[in-house]
Amino acid sequence: KFRTYFDEEDDTREDFYFHDITFSDNTTSHVFNKFIGSETGPGTREFTDDVKIYRLADLVLLKAEILNAKGDTPLAVIELDKIRSRAGIVDYSGEVNVVDVDAAILKERARELGFEGKRWFDLIRFDKVSEFVDNMKGVDSHFFLWPISAN
């Protein structure tokens, strides 16, 4: 499902993130390549990737989200386009309204920050959990949040 987000022509992240493989029975699949590590010997691999808590692309997209929420939608699109441009895809060309730009920001966050532990919280903020997580359809949204300890 994640790979379907890469529907923009010339998005350089797709080739970086995914490695297509063909099995001996000629079936094909792909593996997620973003945190593949380094080969250290025959059949061994060392995973030295640090998990980034925040990185510039995350902050730029958060800024776009905030600007859009404040009604500064044209400025939000400028921030969104900074990330799209760096990824090799064309500038946003959809409707410049809060709903459509929110959808574009959410999609861009999925593509840019895939497997970095951001998606769940993005879906909560955008009130889209039930739309994107099938087994959460019909579940009351207070169950989406972690409880605060009484201590």
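Values quoted throughout were computed directly from the atomic coordinates according to the rules given, and no laboratory measurement underlies them. Everything quoted here is computed from the prediction, not taken from an experiment. Here the Cβ positions follow ideal geometry from the backbone for every residue, glycine too, while neighbour counts run over all protein chains shown.
If R0 is 30 Å, the Cβ-Cβ spacing of residue 95 and residue 10 corresponds to a FRET efficiency of close to 0.85.
Only Lys, Arg, Asp and Glu carry charge here, each on its Cβ (+1 for the first two, -1 for the last two); on that basis region 4-151 has a dipole of about 580 debye about its Cα centre. Loop-resident chymotrypsin sites (Phe, Trp or Tyr not before Pro) (DSSP state other than H, G, I, E or B) in region 5-45 with no more than 10 further Cβ atoms inside 10 Å of their Cβ: 23. To the nearest ten degrees, helix 73-86 and the longest principal axis of the Cα atoms of the chain are 10 degrees apart. Looking at region 95-151, the trypsin sites (Lys or Arg not before Pro) that sit in a DSSP loop and have at most 15 other Cβ atoms within 10 Å of their own Cβ are 128, 137. For the chain, the relative contact order is 18 percent, taking Cα pairs closer than 8 Å that sit 6 or more residues apart in sequence and dividing their mean separation by the residue count. Under 5 Å between amide hydrogens, built in the peptide plane, is the criterion, and for residue 18 it picks out 33 among residues at least 5 positions away or on other chains.
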